[in-house]
1. Starting from segment 71-86, take each residue that is under 14 Å from Val98 (Cα atoms) and touching a residue at least 60 places away in the same chain (Cβ under 8 Å) and list its partners that are in a loop (DSSP other than H, G, I, E, B) and among the β-branched types (Val, Ile, Thr), counting only C-beta distances under 7 angstrom and pairs at least six apart or across chains.
2. Looking only at segment 123-140, count how many residues are loosely packed, with under 13 Cβ neighbours inside 10 Å and more than 26 Å from Glu57 (Cα to Cα).
3. Would you pick out the residues in segment 125-146 that are closer than 17 Å to Arg112 by Cβ and touching a helix residue (DSSP H, G or I) at 6+ places or on another chain (Cβ under 6 Å)?
4. Is it true that Ile60 is of a type outside the set (Asp, Glu) and assigned to a loop (DSSP other than H, G, I, E, B)?
5. Picking from Val101, Val49, which residue would you name as being assigned to a strand (DSSP E or B), of a type in the set (Val, Ile, Thr), modelled with pLDDT of 80 or more and more than 24 Å from Leu142 (Cα to Cα)?
6. Just for segment 58-98: of the residues that are polar (S, T, N, Q) and modelled with pLDDT of 85 or more, which one is surrounded by the most Cβ atoms within 10 Å (Cβ to Cβ)?
7. Among the residues of segment 130-147, is any under 22 Å from Phe179 (Cα atoms), outside any loop (DSSP other than H, G, I, E, B) and under 23 Å from the mean Cα position of the chain (by Cα)?
Amino acid sequence: MGKRRGLSFYKKKKKISAAALKEIASWIFGIFAAVFIAFVTVYAVGMSVSMVGVSMEPAIANGQQVLINRYAYLLVKPRAGDVVAFLPNGNRNSHYYVKRVVAGPGDTVEIRDGRLYVNGLQVIEEYDKMAEAGIAENPVTLGADEYFVLGDNRNNSEDSRSANIGLVKGRDIVGRVWFKLKQGGNAMGFVK
């Protein structure tokens, strides 16, 4: 009798070659290595803190985690528009404050009629008119290593206008906030 021809309900098992297994293993190793290197880099160069309060809304929401580049200001100084994390008055027992730099060393800051003036020129902003001028009711000239910071949610922010915070010393700035992580319905992305 010859071979039976026709339908067969038995399928031949496909064998995975050693080369295919090696290729899959190298891809898995590569992915894990990349994730590990990214994780180590982010946490070695930076740190993660949680935003406390609504002072930076809508850019950063209350409770949202942000990544801080601790080495951003080794070679350059903070500039107007940078979002920074700092310890108020260098108090290591306080939580990190996250605010936007609006003026730096040598600048003169004043808040008149709810609007920000730096060096006598009104800064055109998309933020609400400020109800309280605080210490900037009269012109304030910043020293060699001082910064004036404000929250984006100007009427719900404890910032440089407050005597409790005041002018922020450069040595108290921990680093630049550069990325926000997704939390709840809040968006993830770079901080502008």
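The values are calculated or read from the model by the stated rules, or taken from the named source; none is laboratory data. Computed from a prediction, not measured in an experiment: that's the story for all the values here. Heads up, the Cβs are rebuilt from the backbone with ideal geometry, glycines too, and the neighbour counts pull from every protein chain shown.
1. Filtered contacts from segment 71-86: Val83/Val191.
2. 1
3. Across segment 125-146, the qualifying residues are Tyr127, Asp128, Met130, Ala131.
4. Details: of a type outside the set (Asp, Glu): yes; assigned to a loop (DSSP other than H, G, I, E, B): yes.
Yes: the conditions hold for Ile60.
5. It is Val49.
6. As a first pass, look at segment 58-98 and keep what is polar (S, T, N, Q): 62, 64-65, 69, 89, 91, 93-94.
Of the ones still in play, those that are also modelled with pLDDT of 85 or more are 62, 64-65, 69.
Numbers: Asn62: 16, Gln64: 21, Gln65: 16, Asn69: 18.
The extreme case among them is Gln64.
7. Filtering segment 130-147 for residues under 22 Å from Phe179 (Cα atoms) gives 147.
Checking which are outside any loop (DSSP other than H, G, I, E, B) leaves us with 147.
Then keep just the ones that are under 23 Å from the mean Cα position of the chain (by Cα); that gives 147.
Scanning segment 130-147, I find at least one residue that is under 22 Å from Phe179 (Cα atoms), outside any loop (DSSP other than H, G, I, E, B) and under 23 Å from the mean Cα position of the chain (by Cα), so the answer is yes.
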